[in-house]
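The values are calculated or read from the model by the stated rules, or taken from the named source; none is laboratory data. Predicted model, so just to flag it, every value in this text is computed and none were measured. Here the Cβ positions follow ideal geometry from the backbone for every residue, glycine too, while neighbour counts run over all protein chains shown.
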Amino acid sequence: MAQSSGTLSGMFNSPRRQRQLLILSGAVLLAGVIAFAVVVMHGTSNRFTDTFSNQPAQFAKPEVKSKPTAEEYAVMRKFIRTAVTRQDVDAAWPITHVDLKGRMTRKQWDTGDIPVVNFHATNANRAAFVTDYSFTDSALFEIDLIAKPGTETRPHLLFFIGLKKQHGKWVVNYWEPHWNPPIPMAPG
């Protein structure tokens, strides 16, 4: 049988080195157990104190549910007729919240290159809205739009439209399509 000439294998063949390695590994294990016990028993130096404040806790106020108003429906219809179909983007500016406009200026908005998904719908004036939630200061709806023939790749598409109350008026702050890619069928 051939004997290895490596320096590490020669070092571990010696009983004295094996004993020294055993003592060293035992010392490292003991140091780890002591460090763990100190942290568990005494905690860390950056732990939080028991009291943060002597003031009473402030609880979040529950949002008040409300039925959608005619003003909300009118704002959504106007937004779809103007910004979504790109018919009159100038008229969509005052009913669009900064959450949707971002840092765009009025001049940039008026070019028509806006952060709103474009969709030429035939049913923009009569499509039904489905309410996801409606509160006194915010609301989210779904609307299924049908494309004009020859304008879109998808015949109809479901959209989410969100509203927020700003200075007492409803404005659109969210507009996104709800589309899932089709799952391919297994061959065979």
Practice problem: Go through (1) at pLDDT below 90; (2) assigned to a helix (DSSP H, G or I); (3) surrounded by 11 or more Cβ atoms within 10 Å (Cβ to Cβ) and name the single condition MET41 misses. | Solution: (3)
Practice problem: Please state which one of LEU140, LEU145 is modelled with pLDDT of 95 or more and not in a loop (DSSP other than H, G, I, E, B). | Solution: LEU140
Self-check item: Filter result for the condition that a residue is loosely packed, with under 11 Cβ neighbours inside 10 Å, more than 30 Å from ASP137 (Cβ to Cβ), among the hydrophobic types (A, V, I, L, M, F, W, C) and modelled with pLDDT under 90, over PHE52, PHE48, PHE59
Solution: PHE48
Quiz item: Filter the stretch 137-172 for residues that are of a type in the set (Gly, Ala, Ser) and over 23 Å from GLU63 (Cβ atoms); which is surrounded by the most Cβ atoms within 10 Å (Cβ to Cβ)?
Solution: ALA147
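Within the stretch 60-75, work out how many residues are among the β-branched types (Val, Ile, Thr), closer than 21 Å to ALA128 by Cα and not in a helix (DSSP H, G or I). Even if it seems obvious, please write down each step before you answer.
Here is the first cut: in the stretch 60-75, the residues among the β-branched types (Val, Ile, Thr) are 64, 69, 75.
From the residues that got through so far, the ones that are closer than 21 Å to ALA128 by Cα too are 69, 75.
From what's left, not in a helix (DSSP H, G or I): 69.
So the count comes out to 1.
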Self-check item: Residue among ILE34, ILE114 that is in a loop (DSSP other than H, G, I, E, B) and at pLDDT 90 or above
Solution: ILE114
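Just to be sure, is LYS78 modelled with pLDDT of 85 or more and part of a loop (DSSP other than H, G, I, E, B)?
Numbers: modelled with pLDDT of 85 or more: yes; part of a loop (DSSP other than H, G, I, E, B): no.
So LYS78 does not fit the description; no.
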Quiz item: If you check PHE119 against the conditions, is it closer than 19 Å to TYR174 by Cα and in a helix (DSSP H, G or I)?
Solution: no
